[in-house]
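Just below is one structure, and these are the notes that go with it.
The values are calculated or read from the model by the stated rules, or taken from the named source; none is laboratory data. As the structure is a computational prediction, the values presented were derived from the model and not from experiment. Here the Cβ positions follow ideal geometry from the backbone for every residue, glycine too, while neighbour counts run over all protein chains shown. All accessible areas refer to the heavy atoms of the entire protein, side chains included, with ligands and DNA or RNA removed. Shrake-Rupley method; radii C 1.70, N 1.55, O 1.52, S 1.80 Å.
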Amino acid sequence: MVSDIAKIAAARARDYADTFFGLGKIDMAINSLTAARQLDAELPGLDGYYTAYMVHSRMEKEKTWYEILGINNPETELNIIKKEYKKLALILHPDKNSSKAAEGAFKIVKAGYDLLSNPDKRKTYNTGLKKRARNDATTAPIPTRKEQQSSSYKRTVIIRTADKKTCIVRETSGNVCREYVTPVVNGYVRLCKF
């Protein structure tokens, strides 16, 4: 009788996971699915649900296409990428996976495979990854939403215009945002006081 209750609770937790996903709360969906797995590891479709949520989670966290496909090394050969894609496509195909996240995850994985299976697109993408890795080493971490909404949060974004003589400056302080154009003099931008 206790095992029957656990199976019912696991099925409900799985259903709640889909509800959370529908609300855009992927982390809560994953937590609910983890609870379902702890209650009944034999519940059908759990692995498919979990894989679909993880693909969406990785996409939301702006992971690389390699990470989304479960590949660690960008220098991986095409046949290994193809093998990983087929494995994920089989799990995520909407005909085999009844999760609300399955169709979107399938499309994400397909887009990643399409990019990485084309040698020219892959080369361009890898070049962009190397540039991004160099830039990430010099940039500050991205603040959380709570930090952005606090009144002490300040952020300045400088966008150089096509003529390279002026810049658009976007300053954010708490919930206040302002934009202005400023000249570039000897490679420097003069910022106004907020």
What number of residues within the stretch 21-42 satisfy the criterion of being surrounded by fewer than 20 Cβ atoms within 10 Å (Cβ to Cβ) and touching a Phe, Trp or Tyr at 6+ places or on another chain (Cβ under 9 Å)? 7
Please find, within the stretch 54-89, the residue that is nearest to residue 20 (Cα to Cα) out of those that are open to solvent by less than 20 Å² (accessible area, probe 1.4 Å) and in contact with a Lys or Arg (Cβ under 8 Å, 6 or more places away or on another chain). 68
If we keep only residues of the stretch 10-20 that are open to solvent by 40 Å² or more (accessible area, probe 1.4 Å) and more than 17 Å from residue 91 (Cα to Cα), then the residue farthest from the chain's Cα centre (by Cα) is 12
With 80, 159, 168 as the choices, which residue is at pLDDT 90 or above and either in a loop (DSSP other than H, G, I, E, B) or hydrophobic (A, V, I, L, M, F, W, C) (or both)? 80
Residue 49: open to solvent by less than 50 Å² (accessible area, probe 1.4 Å), in contact with a Lys or Arg (Cβ under 7 Å, 6 or more places away or on another chain) and modelled with pLDDT of 90 or more, yes or no? yes
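Among 69, 39, 23, 46, which is more than 20 Å from residue 91 (Cβ to Cβ), of a type in the set (A, V, I, L, M, F, W, C) and within 24 Å of the chain's Cα centre (by Cα)?
Residue meeting the stated conditions: 23.
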Just checking, does the stretch 29-37 include any residue being of a type in the set (A, V, I, L, M, F, W, C), within 24 Å of residue 119 (Cβ to Cβ) and in a helix (DSSP H, G or I)? no
Of a type outside the set (Lys, Arg) and under 30 Å from residue 127 (Cβ atoms), is that true of residue 75? yes
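Answer yes or no: is there a residue in the stretch 106-117 that is over 19 Å from residue 58 (Cα atoms), open to solvent by less than 50 Å² (accessible area, probe 1.4 Å) and in a helix (DSSP H, G or I).
Of the residues in the stretch 106-117, the ones over 19 Å from residue 58 (Cα atoms) are 117.
Applying the additional criterion that residues be open to solvent by less than 50 Å² (accessible area, probe 1.4 Å) yields 117.
If we keep only those that are in a helix (DSSP H, G or I) too, we end up with 117.
Yes; the residues of the stretch 106-117 include at least one that is over 19 Å from residue 58 (Cα atoms), open to solvent by less than 50 Å² (accessible area, probe 1.4 Å) and in a helix (DSSP H, G or I).
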